[in-house]
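Everything below concerns the one structure shown next.
The values are calculated or read from the model by the stated rules, or taken from the named source; none is laboratory data. If you're wondering where the values come from, they're calculated on a predicted model, not measured in any experiment. Positions of Cβ are backbone-derived with ideal geometry, glycine not excepted, and every protein chain shown enters the neighbour counts. For accessibility, only protein heavy atoms count, side chains too; no ligands or nucleic acids. Shrake-Rupley method; radii C 1.70, N 1.55, O 1.52, S 1.80 Å.
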Amino acid sequence: MKKNLFFPLIPALALTLSGCGSNSTDNKGHQAPVPEREYVIVVHGGAGEMGDKADDPEVAGKYYAALDSALNIGREVLDGGGNGTEAVKAVIRYFEGNPLFNAGVGATISAEGYFELDAAIMEGKDLSAGAVAGVRHVKHPIDAAYAVKTASPHVMLSGTGADRFAEEQGLETVEDNSYFATPRTMKWVKELQAKSKKNGTVGCVVLDSEGNLTAGTSTGGMFGKKWGRIGDAPVIGAGTYADNDGVAVSCTGHGEYFIRHSVAFNLNARYKFLGESLEEAAHHIIFNELNREEGNGGLIAVDKEGNFTMPFNCSGMYRGYLYKEKASGKVFEGYGISEKMIEKQ
């Protein structure tokens, strides 16, 4: 049996084993009716074979603290009168600046020795979306994705064109691509192997007080990728999707499989057109259509009713949720790495 972990940097925590869905989350899950919620924020920081990190108090504490910070950044935006899109952007910008994750600083590296970043954002109220792929000089790719959505007639820009567009929009850029490196990633350059060594794509989905759904995803891609490879994160309908009549989704995992199965759109379609519950639809996709060998990974999603789910078919996923009840004004929060979740009120 695993020991309960308590960290002085996170007060009043209770470690529980619970099911994914409305009030609680793991990768198997149950979903129950929920009180009306003013808003819901769900985040992920990547999925993969990292479940054992939950047993290391020092390592787990760093990730728990980061997830807690991300959730409360989103909370501050929403409590301050901001909307879901602003919350998603703020949360992902935080992740992009945190070297624990494979997004922005701390991104993984390509076979050619460059850091090439992807991001996407989508608003459910009008299905507007923006994405960038393979950018090398944009400090916060999520900002560039949002600029594509709002300041261009396109949905996705890639490579040097996306970098140039971001610069023309006055976004923060870095001249030296090595800005995104950390001592750990530079060690990988020297050891360059075919197998990926980091799973840390980040994402955020929000249902705000106006009933609008927003989804965003940002990643440094697959370690050692070749030929300008692009994964699912910036592909609308594969790694990112939002629809006010359905759900908001952000995915993380082996991107090629998530693209082939159009996972994010597939989840929305099963919920919207088949009438499946959010959890039922997500569970079917992650465990039946995908699996640990073909489609290793997970997703986070919230529906228009405020239900949320965070299933994964691997040993772990950095993930967390925060929601505020309308009637009581109480805020509930939880996060975890393995099946176990730390929850607090």
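Suppose the filter is part of a helix (DSSP H, G or I), in contact (Cβ under 8 Å) with a residue 12 or more places away in the chain and not basic (Lys, Arg); does ILE285 pass it? Yes: the conditions hold for ILE285. Checking each residue in segment 310-345 for being in a strand (DSSP E or B), β-branched (Val, Ile, Thr) and within 29 Å of HIS284 (Cβ to Cβ) picks out only ILE342. Scanning segment 124-144 for residues that are of a type outside the set (Gly, Ala, Ser), out of contact with any Phe, Trp or Tyr (no Cβ under 8 Å at 6 or more places or on another chain) and open to solvent by 20 Å² or more (accessible area, probe 1.4 Å) returns LYS125, ASP126, LEU127, HIS137, HIS140, ASP143. From the list ALA281, ALA327, the one residue that fits, being of a type in the set (A, V, I, L, M) and in contact with a Lys or Arg (Cβ under 6 Å, 6 or more places away or on another chain), is ALA281.
Residues in segment 231-282 that are open to solvent by 10 Å² or more (accessible area, probe 1.4 Å), within 29 Å of HIS140 (Cα to Cα), assigned to a helix (DSSP H, G or I) and touching a strand residue (DSSP E or B) at 6+ places or on another chain (Cβ under 7 Å): PHE265 alone. If you check ARG319, ARG270 for being among the basic types (Lys, Arg) and under 14 Å from the mean Cα position of the chain (by Cα), only one passes: ARG319.
The single residue among LYS53, LYS89 that is more than 17 Å from VAL302 (Cα to Cα), open to solvent by 10 Å² or more (accessible area, probe 1.4 Å) and either acidic (Asp, Glu) or part of a helix (DSSP H, G or I) (or both) turns out to be LYS53. Is it the case, given these coordinates, that ALA147 is assigned to a strand (DSSP E or B), open to solvent by less than 20 Å² (accessible area, probe 1.4 Å) and at pLDDT 95 or above? For ALA147, the condition - assigned to a strand (DSSP E or B), open to solvent by less than 20 Å² (accessible area, probe 1.4 Å) and at pLDDT 95 or above - is not met. For residues that are open to solvent by less than 40 Å² (accessible area, probe 1.4 Å) and outside any strand (DSSP E or B), tally how many sit in segment 297-309. Adding up the residues that qualify gives 2.
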